[in-house]
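Remarks on the structure that follows.
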Amino acid sequence: MDYFPIFLKLRNQHCLVVGGGDVATRKVASLLAAGADVTLVATDLASQLAEWAMEGKIVFVPRKFVSTDLCGKRLVIAATSDSALNLQIFREAEAIGVLANVVDDPDACRFITPAIVDRSPLMIAISSGGKAPVLSRLLRQKIEILIPATYGRLAGFAGNLRARVKSRITSPGARRRFWESILEGPVSEKVFNGQDSEANALFDTSLEQQVQSQARPQGEVYLIGAGPGDPELLTLKALRLMQQSDVVLYDNLVSPQVLDLVRRDAKRISVAKKKGCHTLSQADLNRELIRLAGEGNRVCRLKGGDPFVFGRGGEELVALVEANVPFQVVPGISAANGCAAYAGIPLTHRDYADSVTFITGHRKNNGDLDIPWFSLVNNRQTLVFYMGLSSLRLICEQLQSHGLALDTPAAAVQQGTLENQRLVVSRLCDLASDVESAQLCSPTLIIVGQVVQLAETLHWFGKPARASNQTDDASGNDLPEAIPLFAHAHSFSNNHSAGEA
Ligand SMILES: C[S@@+](CC[C@H](N)C(=O)[O-])C[C@H]1O[C@@H](n2cnc3c(N)ncnc32)[C@H](O)[C@@H]1O
């Protein structure tokens, strides 16, 4: 974050604008709208500024800027066409701690002015940090359309009742929930329709009901699939529940981009399982969910991918049922779906695969892989191995020794759907070595089957297809980049007969 977003209270505060043209006019207009006392220093005046000066709305000083103009000012905006003068104003303001902004010169700004959507008292500010003001304006237009003008009235209505609600509902969580029900329920509709007395009556009834039922708020757990990483793959329901949760317990597979979408002031608890670190056992985690919900929290249990696909979601729900804790389940896009889609590998295809099987490559405590290999040896079946990276060589060997053709197309996708997705496309007999030389790391998903050959034509996301023997000198990165080995893929034929089960 390059800028700390704040809203300044400038009512009756002395502010200086230097320059008398159209840009200065816009800046003065904004300052006047915020109730500031504006002094304008300029040699020439645009007509609107002259009018404001005549009406006494601003103090006009008809001369060039001098250093003492800054004395006693909260902030200054330099909007002259003389860049040397603008810079001088910025430096002098910095020296005495006056907030300074030089129009269209981000380097000479202590603060920048965002694009705003004004639904006073509700105010939405958008900034690109001075990098792309046009983008900010385009976004503002979209938000303008999304947020009806009446939202300002709703914000004013809520503002008048805030102190009363605070004194009647003491728990911050209960208070927030009450406000959510008001701002999204029938009371807000009455406000939008201008029916203020009906809105007030309905509000009074709701507040009394809330106060009566305050004794023991009922918590709830939302078991939410966060998808494979790209935040745009979240469902609308996941986003809504994430935004209304009081506390979130998340796994290490949940991407930071997704975590960013959780309500800002929700408590975040990592329950990531890290090698060599003491982490919560599943039983402790279940107890923690029950405890938090028992305290009346809306608990978001956020899991990578889908909670019911190798996610232990079922185990956690059984514990909740036994403890009588209400819950909701929100499915997520599982790694198989996300990685396959972003790698251009359809999991089924009329020409290549009639079925798809999800398999865990996680070894048991004794180091064995407990997999029914014979059932997997079918040339028209796609195999997807989760947690298979560390057992990859064993998996490939077992599939071959049970009869799957050596040249069966096979791929590995690391951090699928994220910006840094890496893809290795190979064949069964080479995949383990190719993945090793590409130094893929967790999380990685393995896909085996004839559908993998389609990646060559359907690849659309991330780095384009490259042969493994090309190096990326320009990147300066020691790791090999995405390595689809289409040299092998080209030799694939569709009529492998080995191991049809
Ligand atoms: C414990 S499983 C969780 C699966 C998750 N519930 C799902 O539905 O995707 C973890 C494994 O999922 C796979 N995985 C999850 N996200 C991935 C991603 N973005 N890219 C590649 N593999 C991923 C990896 O094989 C990883 O070892």
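The values are calculated or read from the model by the stated rules, or taken from the named source; none is laboratory data. Keep in mind that what you see is a predicted model, and the values were worked out from it rather than measured. Please note: Cβ atoms are built from the backbone with ideal geometry, for glycine as well, and neighbour counts cover all protein chains shown.
Identify the single condition in (1) modelled with pLDDT of 95 or more; (2) within 19 Å of Ser442 (Cα to Cα); (3) out of contact with any helix residue (DSSP H, G or I) (no Cβ under 7 Å at 6 or more places or on another chain) that Tyr386 does not satisfy, given that it satisfies every other one.
Every condition holds for Tyr386 apart from (3).
Please find, among Phe7, Phe111, Phe65, the residue that is assigned to a loop (DSSP other than H, G, I, E, B) and crowded, with 21+ Cβ neighbours inside 10 Å.
After ruling out the rest, the residue left standing is Phe65.
Among the residues in the stretch 83-95, are any modelled with pLDDT under 95 and of a type in the set (Asp, Glu)?
no
Got at least one residue in the stretch 16-32 being closer than 19 Å to Gly72 by Cβ, out of contact with any strand residue (DSSP E or B) (no Cβ under 7 Å at 6 or more places or on another chain) and in a loop (DSSP other than H, G, I, E, B)?
no
In the stretch 435-445, is there at least one residue being among the small types (Gly, Ala, Ser), within 26 Å of Ser391 (Cα to Cα) and modelled with pLDDT under 95?
The answer is no; no qualifying residue exists.
Taking the condition of a type in the set (S, T, N, Q) and free of Cβ contacts under 8 Å to residues at least 12 places away in the same chain, does Ser206 pass?
The answer is no for Ser206.
I'm told Ile345 meets every condition in (1) surrounded by fewer than 22 Cβ atoms within 10 Å (Cβ to Cβ); (2) more than 30 Å from Ser213 (Cβ to Cβ) except one. Can you identify the failing condition by its number?
(1)
Return yes or no: is Ser188 under 30 Å from Glu220 (Cβ atoms) and either assigned by TED's automatic domain parsing to the domain that holds Leu292 or within 30 Å of the chain's Cα centre (by Cα) (or both)?
Answer is yes for this residue.
Search the stretch 27-49 for residues being within 38 Å of the chain's Cα centre (by Cα) and within 18 Å of Val61 (Cα to Cα), and hand back the single one that is surrounded by the most Cβ atoms within 10 Å (Cβ to Cβ).
Val28
Within the stretch 45-82, can you find the residues that are within 16 Å of Ala100 (Cβ to Cβ) and of a type in the set (A, V, I, L, M)?
Val66, Leu70, Leu75, Val76, Ile77, Ala78, Ala79
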